[in-house]
Amino acid sequence: MAEAIRRACVLEASAAKPGNVHPRASFPDLTFDDFVRSAEAASPAFGRAAELGVGRAVFQAIEATRAVVSSNTNLGIVLLIAPLAAVPLDRLLREGIYDVLGRLTRDDAAWVYRAIRLAQPGGLGTANDQDIANEPTETLLEVMTLAADRDGVAAQYANGFAWVLDEGLPFLASVGQEFGQHWEAAIIELHLRLLAEHPDTLIARKCGDSVAAEASRLARRCLQELVEVPLESEERSLRIGEFDQWLRADGHRRNPGTTADLVAACLFAAMRERAIEVVSP
């Protein structure tokens, strides 16, 4: 389990997704190596989510991450993958995720609140009810549902991981055996598809809803332009590069980080369900 999580996290970071960190593009406070170290440090903890409980596994994963990097690299990823990792291996994710979510407790919420405070994510703001600066009085599922309209990660708890299991996983499954040969192109397309359908909530928090909506519109346009463009072609790289430049303008404030977190969760789900070939970037 831990190895599948590590591979999913490293693979997500390795693909040159528009607007995100990858081996050829860094942010002032984040590099590709930071994501690799984070994956290696955190995966053993949240790989034990079924044993530890989701909330405690999230906290231990973030605690391990902060021991090796100084920035928030993986809070969203950990919050997304921990419930999926808690589904028993003899059950499909779609069958087991609601049981995991239904068993989440107030103690899980307390551990997650501590993890969020430790990770110190940017652009989080405050909430009128169940703010992370205070101790939660409801279960993790309940507090995530309260935040679902403003956070794409929280929305997965509220909707039964629909974006991951009903959108991302089927797309990767459709790639199937070709994933090993075209893994980067497939991950980039998955990233564009998710962003096109769901405005990135990190962009919305930093830049406003209108900018997040524009990013989604440009992602849809990029997908439409790529329909007849061959994989691994220079033309494809150029068209994706134009969108990448727009996202990276304004000091990287348009970074679609929530979408990247969702991609990592989709990759883990596809590996866990054996929908794609496991590859090493």
Completion exercise
Listed by first then second residue, the pairs whose first member lies in the range 214-237 and is in a helix (DSSP H, G or I), whose partner is loosely packed, with under 12 Cβ neighbours inside 10 Å and of a type outside the set (S, T, Y), with beta carbons under 9 Å and at least 6 positions apart or on separate chains, are R236/P230
Practice task
Quickly run through the range 149-196 and pick out the residues that are at pLDDT below 95 and at positive phi.
Solution key: G176
Completion exercise
Counting only helices (runs of 4 or more DSSP H) entirely within the range 147-200, those with at least 3 residues that are closer than 19 Å to E225 by Cα and within 15 Å of the chain's Cα centre (by Cα) are 183-197
Fill in the blank from the handout: Within the range 1-60, residues being crowded, with 19+ Cβ neighbours inside 10 Å, among the polar types (S, T, N, Q) and within 19 Å of W246 (Cα to Cα) number 1
Exercise for the section: Find the residue count for the range 79-91, including only residues that are without any contact (Cβ under 8 Å) to a residue 60 or more places away in the chain and either part of a helix (DSSP H, G or I) or within 15 Å of the chain's Cα centre (by Cα) (or both). Expected result: 1
Practice task
Restrict the check to the range 76-89 and report whether at least one residue is surrounded by fewer than 24 Cβ atoms within 10 Å (Cβ to Cβ) and either acidic (D, E) or under 30 Å from A249 (Cβ atoms) (or both).
Solution key: no
Practice task
Answer yes or no as to whether G76 is in contact (Cβ under 8 Å) with a residue 24 or more places away in the chain and not in a helix (DSSP H, G or I).
Solution key: no
Problem - Number of the condition not met by L104 [criteria: (1) part of a helix (DSSP H, G or I); (2) in contact with a helix residue (DSSP H, G or I) (Cβ under 6 Å, 6 or more places away or on another chain); (3) of a type outside the set (G, A, S)] - result: (1)
Handout entry: Scan of the range 8-31 for residues that are touching a strand residue (DSSP E or B) at 6+ places or on another chain (Cβ under 8 Å) and either at pLDDT 95 or above or over 26 Å from A85 (Cβ atoms) (or both), ordered by number
Key = A13, S14, A15, A16
Exercise for the section: Kindly check whether there is at least one residue in the range 220-243 that is under 18 Å from the mean Cα position of the chain (by Cα) and on the phi < 0 side of the Ramachandran plot. Expected result: no
Exercise for the section: Could you tell me whether the range 251-264 includes any residue that is at pLDDT below 95, more than 20 Å from the chain's Cα centre (by Cα) and not in a helix (DSSP H, G or I)? Expected result: yes
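The values are calculated or read from the model by the stated rules, or taken from the named source; none is laboratory data. Bear in mind the structure is a predicted one, so any value in this text is a computation, not a measurement. Note that we place each Cβ from the backbone using ideal geometry, even for glycine, and neighbour counts take in every protein chain shown.
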